[in-house]
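Okay, structure first, notes after.
The values are calculated or read from the model by the stated rules, or taken from the named source; none is laboratory data. All values derive from a computational prediction rather than experimental measurement. Please note: Cβ atoms are built from the backbone with ideal geometry, for glycine as well, and neighbour counts cover all protein chains shown. The protein model used for the area step is the full one, side chains on, heavy atoms only, and it has no ligands, DNA or RNA in it. Shrake-Rupley method; radii C 1.70, N 1.55, O 1.52, S 1.80 Å.
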Amino acid sequence: MRHQIIIVDGYNVIGSWPELTKLKEAGHFDQARDRLLDILSEYHKFIGDVRIIVIFDAMYVPGIKESFTKWDLEVTFTPEDETADSYIEHLTGELNTPLNQVTVVTSDQAEQWTVFSRGALRISSPEFGREIKRMRDQLAADTKHFAAATPRNVPWRPDQMLSLGQFLKKLIDKRGHDDAHD
């Protein structure tokens, strides 16, 4: 079985998903990046044993070339003189082996053709967004089904609940009677 690797062109996805685009257009690149990483982390937990690598151009954070792991995601900011596209192309060629199947998430047509020519799969950013939505819908449906099928954890039997109710009623009646005599 081949190991699955998903490489995400971070700013391409941010520019394609309405929720993230709004943050970007408001000048909140850091919030858009963090939200994307949150979403991808949820997706990673849902799909399981898949390696997810997120690449961001350094053009929005000049002067750094950084890689780190966050929420089981590998995150890389390219060097200032290298685009995310060229970094992804190189990484795809390196990682797409007989033991690995690489899928690149980008809507950049030239990028899609380049990675496809290297044997990788490609998915557009909007289509990946729809995949994320399907995952969230499935989680919501599963949660609703599980909640409906799971009995409530009540420590009392029905006959005990009835006795407790009757006892509570006596206490309330007695208190009302006592308050009347004060």
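Residues in the stretch 137-155 that are under 24 Å from I47 (Cβ atoms) and modelled with pLDDT of 70 or more: D137, Q138, L139, A140, A141, D142, T143, K144, H145, F146.
Of all residues in the stretch 85-111, those that are closer than 19 Å to E127 by Cβ have Cβ atoms under 9 Å from Cβ atoms of residues that are surrounded by fewer than 18 Cβ atoms within 10 Å (Cβ to Cβ) and hydroxyl-bearing (S, T, Y), 6 or more apart or on another chain, in V105/S124; T106/S124; S107/S124. Using the structure shown, decide if I64 is modelled with pLDDT under 90, open to solvent by 20 Å² or more (accessible area, probe 1.4 Å) and over 14 Å from the mean Cα position of the chain (by Cα). Yes.
Looking across the stretch 89-117 at every residue that is of a type in the set (D, E, K, R) and in contact with a strand residue (DSSP E or B) (Cβ under 8 Å, 6 or more places away or on another chain), the one that is least open to solvent (accessible area, probe 1.4 Å) is identified as E111.
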